[in-house]
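Structure record follows, encoded as structure tokens.
The values are calculated or read from the model by the stated rules, or taken from the named source; none is laboratory data. None of the values given here were measured: they were computed from a predicted structure. Ideal geometry is used to build each Cβ from the backbone, glycine not excepted, and the neighbour counts take in all protein chains shown.
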Amino acid sequence: MSTDNMKTDGSIEAPVSVRLEACTLCQLQCPLCPGAPEGKYKSIAGKGYLPAETFKTFVDNNPHIRRIELSSQGEVFLNPDLPKILEYAHAENIMTTINNGANLNHATDEALEALVKFKVPVVRCAIDGVTQATYAAYRVGGNLKNVLTNIQKINAYKEKHRSSKPLLIFQFIVFGHNEHEMEQAMVLAKMLNMSFSFRLNRDPEFMPVKNRDRVKKLIGYADRKEYHEEVRRSYIKDACLMLWKFPQINWDGKLLGCPCNKWGSYAENVFEDNLATCLNNEKMRYTRQMLMGDKPPRDDIPCMGCAVYESIKKYDDWVTEKEFKSYSPEFVFQTMNK
Ligand code: SF4
Ligand code: SF4
């Protein structure tokens, strides 16, 4: 017997969508970033970027892949090969997205035009304020003027090429220091022809929201703690489902499984080893079964360090077959666009 995209031994069919991080380098120092050198969270992702040649080899070796998300723990625009990567993916009819997020502080005109020329459908931009002081309070080292200039340049390229792509998403993470600019941010997004998305801060104790009622009225929950208590599900539980349908690969080929995994890899280099085999190695299969509650916790599984696994256990919210059947990276992408 098998579930949709999974057999009972925890193995899966080769997914058509993967997350392949193009760059973990970043010029900012957001305090809660897993990748920031001085950040609170540390990651095994290391620092570097994916060369275009490696991307081509990966695509050629995995012809079943039709969609690749390029952003995760770093700033994708710091990859000097980004235009070549987008060009090759487009030529091979593969959709590339930057939907996890980018800070857009520094980008070459070539890279910005490549987004339009090679039909990247979505770029999510982290902008948590409408004034420099508010923006840089969390985006430490960032320059809001640079970001807005780069968005205007993308819009100009969209006009030049008569294209509606990429859809630009203005993502605003709500903290205590920026909650007073929430409405102004929505107005600014509209002026920039951007879609808008609020996110709840990952650590409710860090720069906590002050006017909880106001934040709740605007986005449904004052913070993630409140979300977890009311919904009884982790705010980011969909990350677990990526082990089945949207696995995370690091820029250096490490198989991470999901974007939250900072603790240990499942395979050291999927650019050299067979991806489908790595996705079904014993550790991956065990993790899927563990997340479904079919196997007990095991110390070598990265999820043991993860707050999402803690909430799965706390709320008895094990991953189910129904979740696989309804989860689709493309579906997530479409709903995010609203
Ligand atoms: S912009 Fe993103 S990648 Fe860079 S430090 Fe901030 S959270 Fe991390
Ligand atoms: S529990 Fe495991 S799979 Fe789920 S988000 Fe955490 S590290 Fe990822």
Any hit, the range 155-164, residues being among the aromatic types (F, W, Y), farther than 19 Å from V18 by Cα and touching a Gly at 6+ places or on another chain (Cβ under 8 Å): no
Members of the range 215-235 that are part of a loop (DSSP other than H, G, I, E, B), within 14 Å of ligand 2 (Cβ to nearest atom) and surrounded by 18 or more Cβ atoms within 10 Å (Cβ to Cβ): S234, Y235
Pick from the range 85-110, criterion under 28 Å from P15 (Cα atoms) and in contact (Cβ under 8 Å) with a residue 40 or more places away in the chain, ranking: nearest to ligand 1 (Cβ to nearest atom): G101
Residue in the range 237-260 that is within 11 Å of ligand 2 (Cβ to nearest atom), in contact with a Ser or Thr (Cβ under 6 Å, 6 or more places away or on another chain) and among the polar types (S, T, N, Q) present: no
Number of positions in the range 311-325 that are in contact (Cβ under 8 Å) with a residue 60 or more places away in the chain and of a type in the set (D, E, K, R): 4
Filtered residue count, the range 261-312, keeping only those that are aliphatic (A, V, I, L, M), more than 8 Å from ligand 2 (Cβ to nearest atom) and assigned to a loop (DSSP other than H, G, I, E, B): 2
Every pair of residues 6+ apart whose Cβ atoms lie under 8 Å, when the first sits in the range 37-58 and is in a loop (DSSP other than H, G, I, E, B) while the second is modelled with pLDDT under 85: Y41/P34; K42/P34; S43/P34; S43/G35; A45/P34; A45/G35; K47/G35
Among (1) at pLDDT 95 or above; (2) buried (at least 22 other Cβ atoms within 10 Å of the Cβ); (3) within 15 Å of ligand 1 (Cβ to nearest atom) - the single one L78 does not satisfy: (2)
Residue match in the range 61-83 (condition: under 20 Å from L255 (Cβ atoms), free of Cβ contacts under 8 Å to residues at least 12 places away in the same chain and more than 16 Å from ligand 2 (Cβ to nearest atom)): yes
